[in-house]
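Reading through the structure tokens given below for one structure.
Laboratory data are not the source of any read-out in this text; all were calculated from the coordinates shown. Treat the numbers as computed from the prediction; the structure is a model and nothing was measured. Cβ atoms come from the backbone with ideal geometry, glycine included; neighbour counts cover every protein chain shown.
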Amino acid sequence: MSNPQPTASPDETRSTRVVIVGAGPIGLELAVALRRCGIEFELFDAGSIGHTISWWAPQTRWFSSNERIAIAGVPLLTSDQSKATREQYLTYLRGVATQFEIRVHTHCPVVNIAREEESSGEGSGRFAVTTKPGGRPSVWSAEAVVLAIGGTDFPKRLGIPGEDLPHVDGYLRETHRYFGRDVLIVGGRNSAIEAALRLHHAGANVSLSYRGSELPEDHIKYWLLPEIKGLLAAGRIGDLTGTLPVRITSECVHLQSIDGGSIAEVKADDVLTLIGYEQDKTLMRMAGVELSDSMQRPTYDENTMQTNVAGIYIAGTATAGTQSSKYKTFLENCHDHVDKIVAHLSGQHIDSAPLQYRDQIMTQPES
């Protein structure tokens with residue numbers, strides 16, 4: 001079964017059984033599973049396939065091993081058996097979509113999700129899902145909606161003057177552009193440490209500001225820790241642990257020590273604020289999904305992945321809301337979300353990953 005191009009005109013409401021929002025790994029894996037069960041669906045993404053991954057700097061490698069991020073039973077193979085790069089994984093996702101003939105509505109943002117109303121004024125039980133491809137609204141009628149929207153939509157902010165200056169960025173870009181420049185990296189966990197190492201090797205003059213008195217070694221990948229410690233100790237990367245940025249100008253960053261001491265000025269051509277990311281909760285709020293605790297996690301049934309709104313499901317890292325610095329929900333421990341959703345929609349029992357394998361992932365979420 002395929003999801004062929006609908007024949008309705010753009011102004012008409014088109015119909016499907018399931019709308020999937022988000023064409024990342026979990027959204028694609030769910031689409032394949034629905035295809036295998038003969039359940040009609042449409043898959044939408046505001047960007048391209050794997051859009052969030054496409055933001056990564058070129059040649060960034062996954063922290064997770066390939067078998068843990070493979071989807072839909074399709075092996076993820078690299079020529080040297082190493083962990084996949086950004087480019088290799090995006091190619092893999094395109095291959096999965098092609099193999100299973102999954103048509104993805106790319107660059108087609110979903111802008112609203114609401115219950116349909118019948119002429120009687122009573123709800124039909126279905127959802128009107130409004131998309132906006134090319135800026136023109138289009139409506140789909142769906143029995144169920146799955147939000148596989150991830151949780152890293154935009155960088156967390158420092159909340160200080162100068163944060164919106166053009167040389168301040170919450171993402172690491174192509175490393176070549178930083179050659180010969182003074183770069184201040186704010187943060188002390190994996191993304192910040194990896195960026196510091198890559199930019200140092202690319203010829204940047206790197207300094208690292210972290211709010212703790214020392215780096216959180218228990219939360220830094222074991223293959224990154226020895227090198228960053230050595231480079232900091234040798235002074236080859238500037239060690240500014242125990243400091244907080246309080247102001248950014250076009251030429252420097254004002255750092256205050258965490259003990260409330262004096263403020264130092266550090267020259268910076270580029271400032272990377274790699275302190276984590278936040279989830280865009282707009283669609284969940286529109287759909288009436290309840291959000292709980294400080295991370296604003298959606299409320300859902302762990303057995304079915306259905307939220308407090310009947311017919312609205314949540315999948316993947318979207319279930320965790322805005323995660324703190326201690327990430328616990330990753331792609332690799334979300335594959336069973338697909339099984340649970342398909343089982344609930346189809347009424348069939350779907351075999352999840354073996355319990356032993358799932359336990360291993362939970363014990364050591366990233367390899």
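Summing Lys, Arg as +1 and Asp, Glu as -1, what charge do residues with Cβ under 14 Å from the Cβ of His105 carry, His105 excluded? Around His105, the surrounding residues sum to +2.
By definition, a body whose alpha carbon gyration tensor gives a ≥ b ≥ c is oblate when a/c is 1.5 or more and a/b is not larger than b/c, and segment 194-267 fits this oblate description.
Please list, by residue number, every one of the GluC sites (Glu not before Pro) in segment 19-60 that is coil in DSSP and has at most 15 other beta-carbon atoms within 10 Å. List each step's numbers first, then the result.
Details: sites: Glu29, Glu40, Glu42; in loops: Glu40.
Sparse-neighbourhood loop GluC sites (Glu not before Pro): Glu40.
Looking at segment 170-253, the GluC sites (Glu not before Pro) that sit in a DSSP loop and have at most 14 other Cβ atoms within 10 Å of their own Cβ are Glu174, Glu214, Glu251.
Looking at the chain only, what percent of DSSP beta bridges run antiparallel? Nearest 5 please. Write out the running numbers ahead of the final one.
Working: 28 of 59 bridges.
In the chain, DSSP labels about 45 percent of beta bridges as antiparallel.
Annotation: for a label point projected 7 angstrom from Cα along Cα→Cβ of Ala264, residues of segment 169-185 with backbone N closer than 20 Å are 181-185.
For segment 39-102, applying the loop criterion from DSSP together with a ceiling of 12 other beta carbons within 10 Å to the chymotrypsin sites (Phe, Trp or Tyr not before Pro) yields no site. Residue separation of Asp164 and Ser48 scaled by 0.36 nm, minus their Cα-Cα distance, works out to 39.1 nm of gained length.
Relative contact order of segment 157-273: what whole-number percent is it, with Cα pairs under 8 angstrom and at least 6 residues apart?
Details: 227 pairs, mean separation 39.5, N = 117.
Relative contact order for segment 157-273 comes out at 34 percent.
So for each of 78-87, 14-23, 175-184, 204-213 I average, over its residues, the number of other beta carbons within 10 Å; can you give me the resulting order with the highest mean first? List each step's numbers first, then the result.
Values: 78-87: 13.2, 14-23: 21.8, 175-184: 16.6, 204-213: 19.7.
Highest mean packing first, the order is 14-23, 204-213, 175-184, 78-87.
Taken about its Cα centre, the chain carries a charge dipole of about 480 debye when Lys and Arg each add +1 at the Cβ and Asp and Glu each add -1 at the Cβ.
Amide H to amide H distances under 5 Å link Ser15 with Ser141, where only residues 5 or more positions off or on other chains count and H is placed in the peptide plane.
Which shape class, rounded, prolate or oblate, goes with segment 119-241 when its Cα gyration tensor gives a ≥ b ≥ c as root eigenvalues, a/c under 1.5 marks rounded, and past that a/b bigger than b/c marks prolate? Taking the square roots of the gyration eigenvalues as a ≥ b ≥ c, segment 119-241 is prolate. Local charge for Phe179 was computed over the other residues whose Cβ lies under 14 Å away, with Lys and Arg +1 and Asp and Glu -1, and equals 0.
Using R0 = 51 Å, the C-beta based FRET efficiency linking Gln348 and Gln296 works out to 0.95.
Working from Cα pairs under 8 Å separated by at least six residues, relative contact order for the chain is 17 percent.
What is the sum of charges around Ile26, taking Lys and Arg as +1, Asp and Glu as -1, for the other residues whose C-beta is under 11 Å from the C-beta of Ile26?
-3
Pull out a ≥ b ≥ c, the square roots of the eigenvalues of the alpha-carbon gyration tensor of the chain, then state rounded if a/c is under 1.5, prolate if not and a/b is larger than b/c, and oblate in the remaining case. Prolate, because a/c is 1.5 or more and a/b exceeds b/c.
Once you keep just the Cα pairs under 8 angstrom separated by 6 or more residues, what percentage relative contact order results for segment 265-329? The partial results should precede the final answer.
On the way: 65 pairs, mean separation 19.6, N = 65.
So the answer I get is 30 percent.
Where only DSSP H runs of four or more residues are counted, the chain gives -6500 deg cm²/dmol as its mean residue ellipticity at 222 nm, each run worth -39500 (n - 2.57).
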